[in-house]
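Q: Let me give you the structure first, and then I'll get to my questions.
What follows draws every value from the coordinates through simple rules; no lab data is involved. Just so we're clear, the structure is a prediction, and the values are computed from it rather than from any experiment. Note that each Cβ is placed from the backbone with ideal geometry, even for glycine, and that neighbours are counted across all protein chains shown.
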Amino acid sequence: MAENVRDVPAKYGRLEEGFYPRIHSYGRRILAVLPTVLLAVALLAILYFKRPAAAFVIVVLVMEVVAATAVYSILKPAVAVITETHVLRGRLFGWKAVARASIEHTIFVEKLKPKAALSAGDGAWARLRYRGIPGLWFTGPQGKSLMRFDGRVWDAKTLRTLSGKVTPQTTVYSSINVTELAAKHKGLVSWHELHPAFRSTLIAAMGLVFLALIVILGVWPEVFGAREGLTHGAG
């Protein structure tokens, strides 16, 4: 596990300091997974009361495992650690580790705005929806990204403190669009950050699958084994 500073392997050297997101960052994460959790719970309840055929139960349980893994990956305790030789970030399994000697610079963004914000206008709703999230990158030679901290998990104050502990100088942007950041720092921004709709589409697709399964179990129970009960009732 990689959820606490005590979990850091000895091979990464003497521990200097550990960092955790501030408690309010969990609010964003809980809201992000709430629809998936509610749908998964509803589906389990329907499975319990409808008792469908075994093959269908297996399919649903596989979906539940996928959903549980996705939810855990978002809600799991986040931790960053500085040792005398490395900077580490907890992952879903194990640690992402970067040697401090290889880090040449850090880039910190207080409000990283998505690509869609460029065409969203200046209305109140657009400002609220695309207000941006913080982000921190440790970079190596030629500006290559070595480690990134996601502002959907980490808060700006913690990231700013972390950046100052690793390198003496940090490039700071108070607000910048992800496309502008990608143009200024080649190779810094990942494909997923430039195309956030891909991740959103996957999440939406999972939600639609859950809804479809709920509808199938609720509207057409006879298809999945409930016909026997109805037949006995008629007799």
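Q: Karplus couplings for the range 177-184 from phi (6.51 cos²θ - 1.76 cosθ + 1.60, θ = phi - 60°), rounded to Hz, Gly and Pro as x?
A: 7, 4, 5, 5, 5, 5, 6, 6
Q: For a Förster distance of 25 Å, can you work out the FRET efficiency between the beta-carbons of Arg91 and Leu44, rounded to the nearest 0.05?
A: 0.35
Q: Please arrange Tyr12, Tyr48, Tyr26 by counting, for each residue, the other beta carbons lying within 10 Å of its beta carbon, fewest first.
A: Tyr48, Tyr26, Tyr12
Q: Can you pick out the pairs among Lys11/Lys115; Lys76/Lys165; Lys144/Lys165 whose Cα atoms lie more than 31 Å from each other?
A: Listed pairs above 31 Å: Lys11/Lys115.
Q: Report the one residue of Phe108, Gln169, Ser119 whose Cα lies farthest in the direction of the positive end of the charge dipole of the range 103-192 (charges on C-beta: Lys and Arg +1, Asp and Glu -1; origin at the Cα centre).
A: The Cα lying farthest towards the positive end belongs to Ser119.
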